[in-house]
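Heads up, the thing below is written out as structure tokens.
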Amino acid sequence: MSKFLFEGDFKRKPIQNLGGMSRHAETREITLMKANSERQKREQERARAAAILVLQAGFRGMKVRRALSSALREKFIRDSASVYTIETLELQMTRFNYFFKPHRDIVLLSEFGQAMLSFQNDLISNMLQDNCALLRLRLIIEKGFMVFSEPMPTGRTIVLRLLETFTDWNKIDDVRKTLRTKSPGTTDKVMAIIWSHLVLHKNFFERYKEFLRKKLEVSDADSARKSLQHYDYTIFYQRFLEVIRRLSATSRKFEIGKEVYVTKELVQNLLIELAKSLSNKFWVHQSAVSRGNAVVEYVICPCVAKELALEQEVFSESVIDDEDEYLDDMEDYDMKPLEEIELAKDFFADRQKIYDELKIIFKKTKLNKELSEFTVEMWNILYPVVSCLIGINLHRAMLEFEFLKRMTFERAFVRSMFRHVLGKSNRTIDELVVLGWLMTNLMKYLYDGEFLHRNPLNKEELLNFIRIIEDTYVDIILSDKDVVDPTVNNAKKIIAQTLVNIHDRNKRIHLYSEDLFLSTKFSVVFPMETHGIKFVHFNKKQRPDPNLSLLDQRLLRVLTDFPFSLSFHDRVSIWHQMIRSDQIERQIVDSPLGRQHVQIRRAYIYEDAFEKLSPENVPDLRADVRISLVNVVGVQEAGVDGGGLLREFLTEATKAGVDPNRGLFRVDSQNRLYPNPVAKKIFPDYRKHFFLMGRLVGKALYRQILLELPLAAFFLQLCAFGSVSSAVDYLATLDADLHKNLLKLRNFDGDWSELGLDFTIASDELGETHLVELKENGRDVVVDESNVIEYIHLVADYKINREIQDECHFFRCGLRDVVPILRIFSWKEMQTLISGSDKPIDVQDWKANTNYGGGYGPTHKTIESFWEVVEHFDEAHLRKLLKFVTSCSRPPLLGFKDLIPKFGISNAGVTDRLPTAATCMNLLKLPEFSDIETLRERLVYAISAQAGFELS
């Protein structure tokens, strides 16, 4: 038979329908149904494909996790044979937390628990100071409670000891007391975080009940008591109730996971979980009737009943503490800096494209010319544009968009804008940005005396505006919107700058109370005295620091943007904590052998300071410098520098340095000091002199030593911020006549040519007068009505900023060499930091914060006479007495309770000698005088003698 057959049809014929088109065509509904069915099938296929991808990704991830877990477990077992250090132990804890499986690794937990117990104090110390260490230890504790109900062949006692140790409030607080930087509240927060996670997230009570059921399977009281003889199984309930009692005694805020609780709410939630556990019918109701389970009656109920009654009583008396802090849990905060950088790049690239397009559009519109009448439609178009321009490049936009310059001076238009936005309930952040920019621009042209009556807003409207933008700023900070969204971050900066400018103006004209700018939310949330912020964190190149907690990062942003939302007291506490942190770090690396001993001649105190405390001789003035003074006859004065000699030296050296007769400084119209503009002509090395003066003042601030140094307001503003933006207003303190005459020019309606003014100013340097141009080719520009505002600003800027720019720069460099950040204080607050409070001395506060020794006491006859004499002193004698004992005539910044060491009075015996003092200890050595008149006479003579340390 042939392999190939050539029979039949060689191709298939198409099927043909000879009946023609069907008379019954598909209806529209049938067609839609078919299309919908096909679409659903396609969607199902896509969903199926997506689900497959998810399953595959999950499976691959599971394989990777299993491989990593296995590898870490092998490393853990291998390294377990080595001798542990605290560093290797914490590494092992990280590994253990990753690979731990309850059914598999119970024995490893008991063995590893033994090692942890041998380092218990170190682990607790690290937990109190480091969020990551707290997280590691908390996870280990949770794993220990997870295995309570599991069969454990060996090591149950070790696990119990481990859990008992690291949940013991008293144990942890004892370790905390060895850490000088941690407050008692740190123990509260750490224990609250540990127990809250156990109770609220790890089902602690149910797991512990299951454990007790298996461990204490008894039904009568005697058996229960016998079981408790071997181990007190109430201990964890006692620990939990101790936490409840401590938290109830003080009201705080805590961040647990992603939730923020105040103490009352947290305690209630914890007690609710306990109540749920106890309300189970097998644990309370049944046992109370049938005594089917004696564990309830003899293990839990007596302990709980007693403690709960106490908690209710204590908690009802608790009060919210506005200055509290809470610890950040690093597990719930995950920064992605690389993603944020890319987002920021894209954002600014897009904004630049928009800017270029807007330039083209606005050149074709009438908006540059028509701003006289406000309409909502115009505003809805205008504010997103202005917000965009401000965010991209404000200075460039002011030059290229005419309407931005004109907008500020259209008073009716601006008033309508503010009233429209402030009257809305759904205002946007872009609208507030525009209003903030307008207000900042207005304040450049409205001087202090005319700020209110020429402002488009009245006093009540301005108050409402301040409150709205302050609430917006607080919301941005606490929600971290500025961290993840560059647009919001830019808006936050403009709003914060607006608040800074209004606050600065308010400091001068006292329009509103200072409390207006304070945020109660910040005062409750932020850790003022226990934060981890350091001087280096204010360096923009160092931010953000991943070692800072979430709260500290928020606080740092507030201190950088608008520190005046925190009270002066809070900012001083923050400042002192930064100094303490820096001093603690230096104590670690500095040894007594590294201390520098400097001998200073009292008669040449400034000259010796200039030579011996130069950067070449003392590169780091924050270090421990010990001073010894030599009197006018060449004999070293008695006294060991425990702080008092340094105070004496800094006080006298700065006083000599700023003496106007020396030529470095001069006084303004209010007898306050500022750099002499001609100092450069007197001292060839004037830069070094101003650098030294800045370092000396910085050293006093760093050591919290008060100096009698009245500095000019604009000079302090220059020291803090590097420049003075409101130069016209500060000019009044420097040269009142010049300031008055400049303001008269604004209302001048005569012939400008008769004034003969141009953009130059005469500068007198040691009898030589020369002209300084206020701007390029200023001698060729005549002052007239069109440019008089610019002229006024340039004259004020020259006198305040430019004339002493070099001197201020080097003084500020010296200041920042010791204390790198002062921007968190206003100029008035800086003066208070430097010189102390200028309020009258409170004798009763002084008396209440005095220690006695050598047999003296508050009721001793000599002490009663002493305070009677002091209470009749005038202010001048009070300051002399304070200076005699502490080397400073001003009281401590926050009262005598902050004087370190405490003011003390010691018995010098029955003698006719004068009272003496040990300023290094703030100690007055007061003899027992026979009568009050003798005491008054000797005391007044001693404090008025102005003797050196030889009198001590």
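The accessible area of I789, taken with all protein chains in place and a 1.4 Å probe, comes to roughly 50 Å². Out of the GluC sites (Glu not before Pro) in region 781-856, which ones are loop residues according to DSSP with at most 12 other C-beta atoms within 10 Å? Sites meeting the loop and neighbour criteria: E785.
At the residue level, E754 shows approximately 150 square angstrom of accessible surface with a 1.4 angstrom probe and all protein chains present.
Think of a 1.4 Å ball rolled over the protein heavy atoms: region 839-945 then has 47 Å² of accessible area per residue.
Say R0 is 45 Å: what FRET efficiency, to the nearest 0.05, do S425 and N547 get from their beta-carbon distance?
On the way: r = 41 Å, r/R0 = 0.92.
E(calc), rounded to 0.05, equals 0.60.
Too long at a 29 Å Cα-Cα cut-off: which of K655/K681; K182/K493; K861/K883; K699/K897? Pairs exceeding 29 Å: K182/K493.
Given a Förster distance of 60 angstrom, what is the FRET efficiency for V376 paired with R78, based on the Cβ-Cβ distance and rounded to 0.05? Could the numbers behind the result be given before it?
Working: r = 73 Å, r/R0 = 1.22.
The calculated FRET efficiency here is 0.25.
Inter-label distance, T94 to Y512: 4.8 nm, where each label sits 7 Å from its Cα along the C-beta direction.
The label-point distance for D764 and K264, in a model that sets each label 7 Å from Cα toward Cβ, rounds to 6.7 nm. Counted by Cβ distance under 10 Å from F96, the other residues give a net charge of +3, where Lys and Arg count +1 and Asp and Glu count -1.
Would you mind calculating the gained length between E933 and L117 on full extension (0.36 nm times residue separation, minus the Cα-Cα distance), in nm to one decimal? List each step's numbers first, then the result.
Numbers: separation 816, 0.36 × 816 = 293.76 nm, distance 6.62 nm.
Here the answer is 287.1 nm.
Tell me, how many Å apart are the Cα centres for region 699-734 and for region 34-49? Between the Cα centre of region 699-734 and that of region 34-49, the gap is 73 Å. Shown for region 499-562: the carbon plus sulfur share of the solvent-accessible area, taken with all protein chains present and a 1.4 angstrom probe, equals 51%.
Report the local net charge at T85: Lys and Arg +1, Asp and Glu -1, summed over other residues whose C-beta lies under 14 Å from its C-beta. Neighbour charge sum, excluding T85 itself: -4. Label positions at V488 and I789, each projected 7 Å from the Cα along the C-beta direction, are separated by 3.6 nm. What FRET efficiency, computed as 1/(1 + (r/R0)^6) with R0 = 45 Å and r the Cβ-Cβ distance, is obtained for V910 and N617, rounded to the nearest 0.05? In this case the efficiency is close to 0.45. Computed extension gain for Y702 through D780, at 0.36 nm per residue and net of the alpha carbon distance, reaches 23.1 nm.
Separation of region 864-939 and region 778-852, taken as the distance between their Cα centroids, equals 34 angstrom. Using a cut-off of 9 Å between beta-carbons, work out the net charge of the residues near S889 (Lys and Arg +1, Asp and Glu -1, S889 not included). So the surrounding residues net to +3.
The values are calculated or read from the model by the stated rules, or taken from the named source; none is laboratory data. None of the values given here were measured: they were computed from a predicted structure. A quick note on method: Cβ atoms are made from the backbone with ideal geometry, for glycine too, and the neighbour counts reach across all protein chains shown. Please note that ligands, DNA and RNA were not included when accessible areas were found on the heavy atoms of the full protein model with its side chains. Shrake-Rupley method; radii C 1.70, N 1.55, O 1.52, S 1.80 Å.
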